[in-house]
Amino acid sequence: MKNPAPPNKEISLDEIFTLSKKVMTVHGANEENGEAVAETVTNAERDGSVSHGLFRIPGYIKALDSGKVNGNAKPVLEEISPVIMRCDAQNGFAPIAHKYCLSSLKAAAKKYGLGAVSIQRAHHFAALWPEVESLGNEGLVGFTCVSYLPWVAPIGGSTPIFGTNPFAFAWPRPNQNPMVIDMATSSMAMGEVQIAARDGLDVPIGTGLSASGKLTTNAAEIAKGVLLPFGGHKGSAIALMVELLAGPLVGETFSYETAERDNSDGGPPQGGQLILALSPDLLGGINWANQAEQFFDKFEAIEGVRLPGARRYKNRKDGNIRKVNAELLEKIVRLTKHDR
Ligand code: NDP
(Lines give C-alpha, C1' and ligand atoms only; values in the text may rest on other atoms or scores of the structure.)
Protein backbone atom coordinates (compact mmCIF):
# COMPACT_ATOMS: atom_id res chain seq x y z
CA MET A 1 0.00 0.00 0.00
CA LYS A 2 1.18 3.49 -0.83
CA ASN A 3 2.55 5.42 2.15
CA PRO A 4 1.24 8.97 2.61
CA ALA A 5 3.36 11.40 0.55
CA PRO A 6 6.56 11.95 2.56
CA PRO A 7 6.91 15.50 3.88
CA ASN A 8 9.25 17.71 1.89
CA LYS A 9 11.24 20.74 2.87
CA GLU A 10 12.20 23.61 0.60
CA ILE A 11 15.90 24.29 0.17
CA SER A 12 17.84 26.35 -2.36
CA LEU A 13 20.44 24.88 -4.71
CA ASP A 14 23.07 27.09 -3.07
CA GLU A 15 22.15 25.61 0.32
CA ILE A 16 22.28 22.09 -1.15
CA PHE A 17 25.83 22.77 -2.37
CA THR A 18 26.94 24.28 0.95
CA LEU A 19 25.40 21.46 3.01
CA SER A 20 26.82 18.74 0.74
CA LYS A 21 30.31 20.21 0.83
CA LYS A 22 30.13 20.72 4.59
CA VAL A 23 29.07 17.16 5.36
CA MET A 24 31.82 15.80 3.10
CA THR A 25 34.55 17.92 4.68
CA VAL A 26 33.34 17.24 8.23
CA HIS A 27 33.81 13.54 7.42
CA GLY A 28 37.36 13.99 6.15
CA ALA A 29 37.18 15.08 2.49
CA ASN A 30 39.41 17.97 1.53
CA GLU A 31 37.97 21.10 -0.13
CA GLU A 32 38.64 19.90 -3.68
CA ASN A 33 37.06 16.48 -3.19
CA GLY A 34 34.18 17.88 -1.13
CA GLU A 35 33.41 20.45 -3.82
CA ALA A 36 33.54 17.90 -6.64
CA VAL A 37 30.93 15.69 -4.93
CA ALA A 38 28.84 18.68 -3.79
CA GLU A 39 28.70 19.95 -7.38
CA THR A 40 27.54 16.54 -8.63
CA VAL A 41 24.88 16.30 -5.90
CA THR A 42 23.66 19.87 -6.50
CA ASN A 43 23.44 19.43 -10.26
CA ALA A 44 21.48 16.20 -9.76
CA GLU A 45 18.96 18.01 -7.52
CA ARG A 46 18.82 20.93 -9.98
CA ASP A 47 17.89 18.56 -12.81
CA GLY A 48 15.48 16.40 -10.80
CA SER A 49 17.84 13.36 -10.79
CA VAL A 50 16.80 12.87 -7.17
CA SER A 51 18.03 9.31 -6.82
CA HIS A 52 21.57 10.61 -7.43
CA GLY A 53 21.46 13.84 -5.45
CA LEU A 54 21.18 14.29 -1.67
CA PHE A 55 19.78 10.76 -1.45
CA ARG A 56 23.35 9.53 -2.03
CA ILE A 57 25.00 11.61 0.71
CA PRO A 58 24.60 9.06 3.53
CA GLY A 59 26.33 6.51 1.27
CA TYR A 60 29.17 8.90 0.42
CA ILE A 61 29.62 9.53 4.15
CA LYS A 62 29.61 5.82 5.04
CA ALA A 63 32.38 5.28 2.50
CA LEU A 64 34.46 8.13 3.98
CA ASP A 65 33.87 6.95 7.54
CA SER A 66 34.82 3.35 6.82
CA GLY A 67 37.98 4.50 5.05
CA LYS A 68 36.93 2.75 1.84
CA VAL A 69 37.11 5.98 -0.17
CA ASN A 70 39.93 8.49 -0.07
CA GLY A 71 38.41 11.93 0.46
CA ASN A 72 41.78 13.51 -0.32
CA ALA A 73 42.32 11.82 -3.66
CA LYS A 74 44.46 13.52 -6.29
CA PRO A 75 43.86 11.44 -9.42
CA VAL A 76 46.78 10.77 -11.75
CA LEU A 77 46.30 10.91 -15.52
CA GLU A 78 48.71 8.96 -17.71
CA GLU A 79 48.92 9.44 -21.47
CA ILE A 80 49.23 5.94 -22.98
CA SER A 81 49.06 7.22 -26.58
CA PRO A 82 47.93 10.58 -28.03
CA VAL A 83 44.30 9.39 -27.83
CA ILE A 84 44.32 6.89 -24.95
CA MET A 85 44.49 8.04 -21.35
CA ARG A 86 44.42 6.11 -18.13
CA CYS A 87 43.23 7.82 -14.98
CA ASP A 88 44.07 6.36 -11.59
CA ALA A 89 41.37 7.88 -9.40
CA GLN A 90 43.48 7.10 -6.33
CA ASN A 91 40.54 5.50 -4.60
CA GLY A 92 38.50 8.69 -4.69
CA PHE A 93 34.91 9.43 -5.69
CA ALA A 94 34.33 9.56 -9.46
CA PRO A 95 33.60 13.32 -9.74
CA ILE A 96 37.15 14.17 -8.68
CA ALA A 97 38.53 11.82 -11.37
CA HIS A 98 36.40 13.59 -13.98
CA LYS A 99 37.91 16.94 -12.95
CA TYR A 100 41.35 15.50 -13.71
CA CYS A 101 40.67 13.75 -17.01
CA LEU A 102 37.91 15.40 -19.06
CA SER A 103 39.87 18.38 -20.38
CA SER A 104 42.69 16.16 -21.75
CA LEU A 105 40.12 13.81 -23.28
CA LYS A 106 38.39 16.73 -25.01
CA ALA A 107 41.67 18.08 -26.34
CA ALA A 108 42.63 14.66 -27.77
CA ALA A 109 39.26 14.16 -29.45
CA LYS A 110 39.29 17.66 -30.96
CA LYS A 111 42.79 17.16 -32.35
CA TYR A 112 42.68 13.52 -33.46
CA GLY A 113 38.95 12.86 -33.90
CA LEU A 114 38.58 10.53 -30.94
CA GLY A 115 39.81 9.87 -27.46
CA ALA A 116 39.26 7.34 -24.71
CA VAL A 117 39.96 7.36 -21.02
CA SER A 118 39.92 4.37 -18.74
CA ILE A 119 39.23 5.36 -15.17
CA GLN A 120 40.48 2.93 -12.53
CA ARG A 121 40.10 2.81 -8.76
CA ALA A 122 37.09 5.19 -8.73
CA HIS A 123 33.90 5.04 -6.68
CA HIS A 124 30.94 6.01 -8.90
CA PHE A 125 27.67 6.74 -7.12
CA ALA A 126 26.10 9.29 -9.43
CA ALA A 127 24.23 9.75 -12.68
CA LEU A 128 26.41 9.53 -15.79
CA TRP A 129 24.98 12.44 -17.77
CA PRO A 130 27.37 15.08 -16.35
CA GLU A 131 30.41 13.44 -17.96
CA VAL A 132 28.89 13.16 -21.44
CA GLU A 133 27.06 16.48 -21.30
CA SER A 134 30.38 18.14 -20.65
CA LEU A 135 31.74 16.52 -23.85
CA GLY A 136 28.61 17.46 -25.80
CA ASN A 137 28.97 21.06 -24.69
CA GLU A 138 32.30 21.15 -26.53
CA GLY A 139 30.97 19.81 -29.82
CA LEU A 140 31.91 16.19 -29.12
CA VAL A 141 29.89 12.99 -29.12
CA GLY A 142 30.31 11.29 -25.75
CA PHE A 143 29.80 7.79 -24.43
CA THR A 144 30.42 6.38 -21.00
CA CYS A 145 29.52 3.35 -18.92
CA VAL A 146 30.17 1.89 -15.47
CA SER A 147 29.38 -1.43 -13.82
CA TYR A 148 28.39 -1.76 -10.17
CA LEU A 149 27.47 -4.45 -7.65
CA PRO A 150 25.85 -7.68 -8.88
CA TRP A 151 22.17 -6.93 -8.36
CA VAL A 152 20.79 -7.89 -11.78
CA ALA A 153 20.08 -11.42 -13.01
CA PRO A 154 20.69 -12.18 -16.70
CA ILE A 155 17.62 -13.10 -18.73
CA GLY A 156 16.48 -16.61 -17.93
CA GLY A 157 18.14 -16.72 -14.49
CA SER A 158 17.55 -15.49 -10.96
CA THR A 159 21.20 -15.29 -9.83
CA PRO A 160 22.56 -11.75 -10.03
CA ILE A 161 25.79 -11.22 -11.96
CA PHE A 162 25.35 -7.82 -13.66
CA GLY A 163 25.49 -4.45 -12.02
CA THR A 164 22.74 -1.98 -12.86
CA ASN A 165 25.33 -1.04 -15.48
CA PRO A 166 24.30 2.36 -16.82
CA PHE A 167 25.58 3.97 -19.98
CA ALA A 168 25.21 7.53 -21.24
CA PHE A 169 25.48 9.06 -24.68
CA ALA A 170 25.63 12.72 -25.68
CA TRP A 171 25.11 14.30 -29.08
CA PRO A 172 26.24 17.93 -29.46
CA ARG A 173 23.77 20.51 -30.80
CA PRO A 174 24.64 24.00 -32.01
CA ASN A 175 23.56 26.75 -29.58
CA GLN A 176 21.66 24.43 -27.28
CA ASN A 177 22.13 21.69 -24.74
CA PRO A 178 23.36 18.35 -26.10
CA MET A 179 20.89 15.52 -26.54
CA VAL A 180 21.72 13.14 -23.68
CA ILE A 181 20.58 9.59 -23.06
CA ASP A 182 21.49 8.24 -19.61
CA MET A 183 20.06 4.95 -18.49
CA ALA A 184 20.64 1.94 -16.32
CA THR A 185 20.47 -1.37 -18.18
CA SER A 186 18.44 -2.79 -15.31
CA SER A 187 14.70 -2.30 -15.66
CA MET A 188 15.07 0.40 -12.99
CA ALA A 189 18.05 1.94 -11.19
CA MET A 190 18.42 0.49 -7.65
CA GLY A 191 18.25 4.07 -6.27
CA GLU A 192 14.77 4.43 -7.82
CA VAL A 193 13.69 1.07 -6.36
CA GLN A 194 15.00 2.15 -2.92
CA ILE A 195 13.11 5.44 -3.15
CA ALA A 196 9.92 3.57 -4.18
CA ALA A 197 10.47 1.19 -1.23
CA ARG A 198 10.96 4.14 1.13
CA ASP A 199 7.75 5.75 -0.14
CA GLY A 200 5.77 2.48 -0.10
CA LEU A 201 5.20 2.56 -3.87
CA ASP A 202 4.80 -0.39 -6.23
CA VAL A 203 7.02 -0.76 -9.29
CA PRO A 204 6.03 -2.32 -12.64
CA ILE A 205 6.04 -6.11 -12.94
CA GLY A 206 9.30 -7.21 -14.57
CA THR A 207 11.38 -4.76 -12.52
CA GLY A 208 12.81 -7.54 -10.39
CA LEU A 209 12.38 -10.67 -8.32
CA SER A 210 11.94 -11.11 -4.56
CA ALA A 211 14.65 -12.87 -2.53
CA SER A 212 12.82 -16.14 -3.22
CA GLY A 213 13.05 -15.55 -6.99
CA LYS A 214 9.38 -14.57 -7.52
CA LEU A 215 8.20 -11.75 -9.81
CA THR A 216 6.75 -8.98 -7.63
CA THR A 217 5.70 -5.34 -7.84
CA ASN A 218 6.74 -4.72 -4.21
CA ALA A 219 9.78 -2.38 -4.31
CA ALA A 220 10.89 -3.31 -0.77
CA GLU A 221 10.96 -7.02 -1.70
CA ILE A 222 12.95 -6.33 -4.88
CA ALA A 223 15.44 -4.23 -2.89
CA LYS A 224 16.15 -7.46 -0.94
CA GLY A 225 16.04 -9.66 -4.07
CA VAL A 226 17.33 -9.09 -7.61
CA LEU A 227 16.64 -6.65 -10.41
CA LEU A 228 16.02 -7.76 -13.99
CA PRO A 229 17.52 -6.16 -17.13
CA PHE A 230 15.33 -3.80 -19.18
CA GLY A 231 13.93 -5.14 -22.44
CA GLY A 232 14.38 -8.87 -21.87
CA HIS A 233 17.26 -10.57 -23.72
CA LYS A 234 18.30 -7.35 -25.50
CA GLY A 235 18.83 -5.41 -22.27
CA SER A 236 20.58 -8.45 -20.82
CA ALA A 237 23.01 -8.39 -23.78
CA ILE A 238 23.73 -4.67 -23.30
CA ALA A 239 24.34 -5.21 -19.57
CA LEU A 240 26.84 -7.93 -20.54
CA MET A 241 28.57 -5.49 -22.91
CA VAL A 242 28.86 -2.89 -20.13
CA GLU A 243 30.43 -5.50 -17.79
CA LEU A 244 33.20 -5.97 -20.39
CA LEU A 245 33.65 -2.28 -21.32
CA ALA A 246 33.79 -1.06 -17.71
CA GLY A 247 35.73 -4.10 -16.47
CA PRO A 248 38.57 -5.79 -18.36
CA LEU A 249 38.68 -3.18 -21.13
CA VAL A 250 39.62 -0.48 -18.60
CA GLY A 251 41.71 -2.74 -16.36
CA GLU A 252 39.05 -3.01 -13.69
CA THR A 253 36.69 -5.53 -12.13
CA PHE A 254 33.45 -7.19 -13.16
CA SER A 255 30.54 -6.38 -10.83
CA TYR A 256 30.90 -9.73 -9.03
CA GLU A 257 34.61 -9.09 -8.45
CA THR A 258 33.81 -5.56 -7.30
CA ALA A 259 31.49 -7.05 -4.67
CA GLU A 260 34.16 -9.49 -3.49
CA ARG A 261 36.51 -6.67 -2.52
CA ASP A 262 33.81 -4.28 -1.24
CA ASN A 263 33.43 -3.78 2.52
CA SER A 264 29.59 -3.54 2.25
CA ASP A 265 29.50 -0.23 4.09
CA GLY A 266 26.67 0.96 1.83
CA GLY A 267 28.86 3.44 -0.02
CA PRO A 268 29.91 3.16 -3.66
CA PRO A 269 32.26 0.27 -4.43
CA GLN A 270 35.52 0.69 -6.28
CA GLY A 271 35.31 0.08 -10.01
CA GLY A 272 36.11 1.30 -13.49
CA GLN A 273 34.64 3.66 -16.04
CA LEU A 274 35.14 4.01 -19.78
CA ILE A 275 34.67 7.45 -21.34
CA LEU A 276 34.84 7.92 -25.11
CA ALA A 277 34.81 11.19 -27.06
CA LEU A 278 34.36 11.48 -30.84
CA SER A 279 34.60 14.57 -33.02
CA PRO A 280 31.78 14.84 -35.57
CA ASP A 281 33.68 17.71 -37.19
CA LEU A 282 36.55 15.35 -38.03
CA LEU A 283 34.53 12.17 -38.60
CA GLY A 284 31.46 13.50 -40.38
CA GLY A 285 32.55 16.66 -42.14
CA ILE A 286 30.62 19.91 -42.37
CA ASN A 287 26.99 18.76 -42.54
CA TRP A 288 26.62 16.65 -39.41
CA ALA A 289 24.93 19.30 -37.29
CA ASN A 290 22.38 20.39 -39.94
CA GLN A 291 21.54 16.81 -40.77
CA ALA A 292 21.07 15.88 -37.10
CA GLU A 293 18.98 18.98 -36.38
CA GLN A 294 16.64 18.10 -39.27
CA PHE A 295 16.25 14.65 -37.77
CA PHE A 296 15.51 16.08 -34.30
CA ASP A 297 12.89 18.41 -35.88
CA LYS A 298 11.14 15.44 -37.48
CA PHE A 299 11.47 13.41 -34.27
CA GLU A 300 9.98 16.09 -32.05
CA ALA A 301 7.18 16.77 -34.53
CA ILE A 302 5.75 13.33 -33.71
CA GLU A 303 2.94 13.81 -31.24
CA GLY A 304 3.69 12.55 -27.73
CA VAL A 305 7.44 12.33 -28.30
CA ARG A 306 10.28 14.11 -26.53
CA LEU A 307 14.04 13.83 -26.64
CA PRO A 308 15.88 12.06 -23.80
CA GLY A 309 17.35 14.66 -21.47
CA ALA A 310 14.51 17.15 -22.12
CA ARG A 311 12.94 16.49 -18.70
CA ARG A 312 16.17 17.40 -16.93
CA TYR A 313 16.76 20.53 -19.01
CA LYS A 314 13.21 21.67 -18.22
CA ASN A 315 13.75 21.10 -14.48
CA ARG A 316 17.02 23.01 -14.73
CA LYS A 317 15.14 26.17 -15.68
CA ASP A 318 12.96 25.89 -12.59
CA GLY A 319 14.59 28.53 -10.35
CA ASN A 320 16.76 27.95 -7.28
CA ILE A 321 14.39 26.20 -4.84
CA ARG A 322 13.94 22.43 -4.62
CA LYS A 323 11.65 20.29 -2.47
CA VAL A 324 13.64 17.60 -0.69
CA ASN A 325 12.52 14.72 1.52
CA ALA A 326 12.50 16.31 5.01
CA GLU A 327 13.73 13.20 6.83
CA LEU A 328 16.70 12.90 4.46
CA LEU A 329 17.58 16.54 4.94
CA GLU A 330 17.45 16.19 8.74
CA LYS A 331 19.68 13.14 8.53
CA ILE A 332 22.29 15.01 6.48
CA VAL A 333 22.23 17.95 8.89
CA ARG A 334 22.77 15.48 11.76
CA LEU A 335 25.69 13.97 9.83
CA THR A 336 27.37 17.39 9.74
CA LYS A 337 27.44 17.05 13.55
CA HIS A 338 28.71 13.45 13.42
CA ASP A 339 25.30 12.41 14.74
CA ARG A 340 23.49 9.59 12.94
P1 NDP B 1 15.29 6.57 -16.75
O2 NDP B 1 14.65 5.28 -17.10
O3 NDP B 1 14.54 7.52 -15.91
O4 NDP B 1 15.65 7.35 -18.08
C5 NDP B 1 16.49 6.78 -19.05
C6 NDP B 1 16.66 7.73 -20.22
O7 NDP B 1 15.42 7.79 -20.95
C8 NDP B 1 16.97 9.17 -19.81
O9 NDP B 1 17.87 9.71 -20.72
C10 NDP B 1 15.61 9.87 -19.88
O11 NDP B 1 15.69 11.25 -20.11
C12 NDP B 1 14.99 9.13 -21.05
N13 NDP B 1 13.55 9.14 -21.01
C14 NDP B 1 12.74 8.80 -19.96
N15 NDP B 1 11.46 8.90 -20.32
C16 NDP B 1 11.44 9.32 -21.61
C17 NDP B 1 10.42 9.61 -22.54
N18 NDP B 1 9.14 9.51 -22.22
N19 NDP B 1 10.77 10.03 -23.77
C20 NDP B 1 12.08 10.14 -24.12
N21 NDP B 1 13.09 9.88 -23.29
C22 NDP B 1 12.78 9.47 -22.05
O23 NDP B 1 16.74 6.32 -16.11
P24 NDP B 1 17.25 5.08 -15.23
O25 NDP B 1 16.28 4.88 -14.13
O26 NDP B 1 17.56 3.95 -16.12
O27 NDP B 1 18.63 5.64 -14.63
C28 NDP B 1 18.59 6.71 -13.69
C29 NDP B 1 19.98 7.18 -13.39
O30 NDP B 1 20.66 6.24 -12.58
C31 NDP B 1 20.89 7.43 -14.57
O32 NDP B 1 21.33 8.78 -14.46
C33 NDP B 1 22.06 6.48 -14.39
O34 NDP B 1 23.30 6.98 -14.82
C35 NDP B 1 22.05 6.32 -12.89
N36 NDP B 1 22.72 5.09 -12.45
C37 NDP B 1 23.98 5.19 -11.90
C38 NDP B 1 24.63 4.06 -11.45
C39 NDP B 1 26.01 4.13 -10.91
O40 NDP B 1 26.58 3.10 -10.58
N41 NDP B 1 26.63 5.28 -10.79
C42 NDP B 1 24.01 2.73 -11.52
C43 NDP B 1 22.71 2.74 -12.17
C44 NDP B 1 22.09 3.89 -12.60
P45 NDP B 1 15.27 12.32 -18.93
O46 NDP B 1 16.38 12.25 -17.93
O47 NDP B 1 15.13 13.61 -19.63
O48 NDP B 1 13.97 11.82 -18.36
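The values are calculated or read from the model by the stated rules, or taken from the named source; none is laboratory data. Here the structure is a predicted model, which means the values were calculated and not measured. Counting neighbours? That spans all protein chains shown, and the Cβs are built from the backbone with ideal geometry, glycine included. What goes into the accessible areas is simple: the full protein's heavy atoms, side chains included, and nothing from ligands, DNA or RNA. Shrake-Rupley method; radii C 1.70, N 1.55, O 1.52, S 1.80 Å.
Only the Cβ atoms of Lys and Arg (+1) and of Asp and Glu (-1) were treated as charged; on that basis the dipole of segment 156-226 about its Cα centre amounts to roughly 100 debye. Quick note on segment 1-94: its Rg to Rh ratio, both from C-alpha atoms and Rh being the Kirkwood radius, is 1.09.
About the Cα centre of segment 224-310, how large is the charge dipole given +1 on each Lys and Arg Cβ and -1 on each Asp and Glu Cβ? Please answer in debye to the nearest 20.
The calculated dipole for segment 224-310 is roughly 220 debye.
Descending by average beta-carbon neighbour count within 10 Å, the peptides 105-112, 273-280, 25-32, 331-338 line up as 273-280, 105-112, 25-32, 331-338, the highest first. Which of 21/337; 106/234; 62/337; 21/74; 22/106 have a Cα-Cα distance over 24 Å? Too far apart for the 24 Å limit: 106/234; 22/106.
Sketch the reach of a paramagnetic label on residue 261 as a point 7 Å from Cα along Cα-to-Cβ, and name the residues of segment 106-144 whose backbone nitrogen lies under 11 Å away. Only 120-122 fall inside the zone, counting backbone N under 11 Å. Take the chain with all the other protein chains still there, run a 1.4 Å probe, and you get 46 Å² of accessible area per residue. Think of the chain as having a plus end and a minus end, set by charges on the Cβ of Lys, Arg, Asp and Glu; of 152, 169, 290, 152 sits farthest toward the positive end of this dipole. With the highest mean first, a sort of the peptides 147-158, 297-308, 84-95 on other beta-carbon atoms found within 10 angstrom per residue produces 84-95, 147-158, 297-308.
Show me 43-52, 164-173 ranked by packing, highest mean number of other Cβ atoms within 10 Å first. Walk me through the intermediate numbers first.
Values: 43-52: 21.2, 164-173: 23.4.
Answer by packing, highest mean first, reads 164-173, 43-52.
Of the heavy-atom accessible surface of the chain (probe 1.4 angstrom), what whole percent is carbon and sulfur?
Carbon with sulfur: 55 percent of the solvent-accessible area.
Only the Cβ atoms of Lys and Arg (+1) and of Asp and Glu (-1) were treated as charged; on that basis the dipole of the chain about its Cα centre amounts to roughly 360 debye. With θ taken as phi - 60° and the Karplus curve 6.51 cos²θ - 1.76 cosθ + 1.60 applied, the whole-hertz 3J(HN,Hα) list for segment 176-185 is 8, 4, x, 7, 10, 9, 9, 8, 6, 8 Hz, x standing for glycine and proline.
Converting phi to 3J(HN,Hα) with the Karplus coefficients 6.51, -1.76 and 1.60 and the offset θ = phi - 60°, segment 296-303 yields 4, 4, 4, 4, 6, 6, 6, 4 Hz in sequence order, with x at every glycine or proline. For the chain, a Kirkwood radius taken over Cα pairs fed into Stokes-Einstein (4 °C, viscosity 1.567 mPa s) yields D = 63 µm²/s.
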